[in-house]
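**Student:** The following block contains the structure, expressed as structure tokens.
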Amino acid sequence: MVEETGEGRWACQGVDRPDAAITAVLTRLVQVDPLELTWIQPPRRQFVAAEMTAFLLAWLEGLGCPVIDRPSPGCLCGRNWGWSHWAAHASGCGIPVRDQGPDPGGTRLVTMVGATVIGAGADEEAAWARRLGAGAGQEMASFHFQGEGAERALVQARVGLDRVGAAELDALDRLLEQRLEAG
């Protein structure tokens, strides 16, 4: 029986461990996808996925260790804003917005991991990424920009990382070290 936060247990590869054994968490999963639950009968997958997401959200929220982009209702890795919310947020921050649609082709990917911005085509894009992430309360986010100079605009945004390369992994290492040092 779990009486207090941090007294839970979990198992990995058949080994039972206390929650206290977890030193930090990086969640890249927005929510449990019903299509991945192939062992569940199709009519029940949506319900089971929602329940699994709710369980993981509560478990992550109860951990006493640093969790990068703590979960929010409906999202295991921060705030899963739709494009209209991101666009409104960007406009409120004075960042030009243009509707690109779901295909980010022909755009520049700018990734924000903590204070590190990767892939910015200009200092302005780096500043915009930091402003967008901070205003959304995100430590990790991906932004797509299009155009140059006065035509430059945000065309797509989402929580998490669209790309994970060496630079992103180094930035994640630094972010996790900072969070662990801060307690």
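**Student:** Using θ = phi - 60° and the Karplus relation 6.51 cos²θ - 1.76 cosθ + 1.60, list the HN-Hα couplings for the stretch 44-55 in order, rounded to whole Hz, with x at every Gly or Pro.
**Tutor:** So the Karplus estimates, Gly and Pro as x, are 9, 4, 4, 5, 5, 4, 5, 5, 5, 4, 4, 4 Hz.
**Student:** Right, next: Which far-off residues, 5 or more places away or on another chain, put their amide H under 5 Å from the one on Glu139, with H placed in the peptide plane?
**Tutor:** Asp69
**Student:** Estimate the FRET efficiency between Glu177 and Phe47 by the formula 1/(1 + (r/R0)^6), using the beta-carbon distance for r and 41 Å for R0, to the nearest 0.05.
**Tutor:** Result of the calculation: an efficiency of 0.55.
**Student:** Using only the C-alpha atoms of the stretch 65-183, find the volume of their convex hull and express it per residue in Å³.
**Tutor:** Dividing the Cα hull volume of the stretch 65-183 by its residue count gives 105 Å³.
**Student:** In degrees from 0 to 90, rounded to the nearest 10, what is the angle of the helix 166-182 Cα long axis to the longest principal axis of the chain?
**Tutor:** Computed tilt is about 60 degrees.
**Student:** Separation of the stretch 17-93 and the stretch 120-183 by C-alpha centroid, Å?
**Tutor:** Answer, in whole Å: 20.
**Student:** Let me ask something else about it. Averaging sequence separations of C-alpha pairs under 8 Å and six or more residues apart, then dividing by the length of the stretch 39-92, give the relative contact order as a whole percent.
**Tutor:** Once normalised by length, the contact order is 22 percent.
**Student:** Let me see the P(r) profile for the stretch 74-136: every Cα-Cα distance counted, bins of 10 Å, each bin given as a percent of all pairs.
**Tutor:** Per 10 Å bin, starting at zero, the Cα-Cα P(r) for the stretch 74-136 comes out as 20, 53, 27, 0 percent.
**Student:** As I understand it, the value is the acute angle between the Cα axis of helix 123-136 and the longest principal axis of the Cα atoms of the chain; what does it come to in degrees, rounded to 10?
**Tutor:** Roughly 40 degrees, rounded to the nearest 10.
**Student:** A follow-up question, please. Which of the trypsin sites (Lys or Arg not before Pro) across the stretch 92-183 are loop residues per DSSP, with 13 or fewer other Cβ within 10 Å?
**Tutor:** Here the trypsin sites (Lys or Arg not before Pro) that fit, given the DSSP loop and packing criteria, are Arg163.
**Student:** Still on this structure: Apply the Karplus curve 6.51 cos²θ - 1.76 cosθ + 1.60, θ = phi - 60°, to the phi angles in the stretch 65-71 and return the couplings in whole Hz, x for Gly and Pro.
**Tutor:** Result, rounded to whole Hz: 9, x, 10, 5, 6, 3, x.
**Student:** Sticking with this one: For Thr116, which sequence-distant residues (separation of 5 or more, or a different chain) have an amide H within less than 5 Å of its own amide H, given hydrogens modelled in the peptide plane?
**Tutor:** Residues meeting the amide H criterion: none.
**Student:** What percent does the relative contact order of the chain come to when contacts are Cα pairs within less than 8 Å and at least six residues apart?
**Tutor:** Once divided by the residue count of the chain, the mean separation gives 19 percent.
**Student:** Please calculate how many Å² of accessible area the stretch 35-155 carries per residue, with a 1.4 Å probe and no DNA, RNA or ligand atoms counted.
**Tutor:** Value returned for the stretch 35-155: 49 Å² of accessible area per residue.
**Student:** In square angstrom, rounded to the nearest 10, how much accessible surface does Met140 have for a 1.4 Å probe?
**Tutor:** 0 Å²
**Student:** With a 1.4 Å probe and every protein chain kept in, tell me what percent of the accessible surface of the chain is carbon plus sulfur.
**Tutor:** 54 percent
The values are calculated or read from the model by the stated rules, or taken from the named source; none is laboratory data. Here the structure is a predicted model, which means the values were calculated and not measured. Glycine gets a Cβ as well: all are built from the backbone with ideal geometry, and neighbour counts include every protein chain shown. Surface areas here come from the heavy atoms of the whole protein model, side chains and all, with no ligands, DNA or RNA. Shrake-Rupley method; radii C 1.70, N 1.55, O 1.52, S 1.80 Å.
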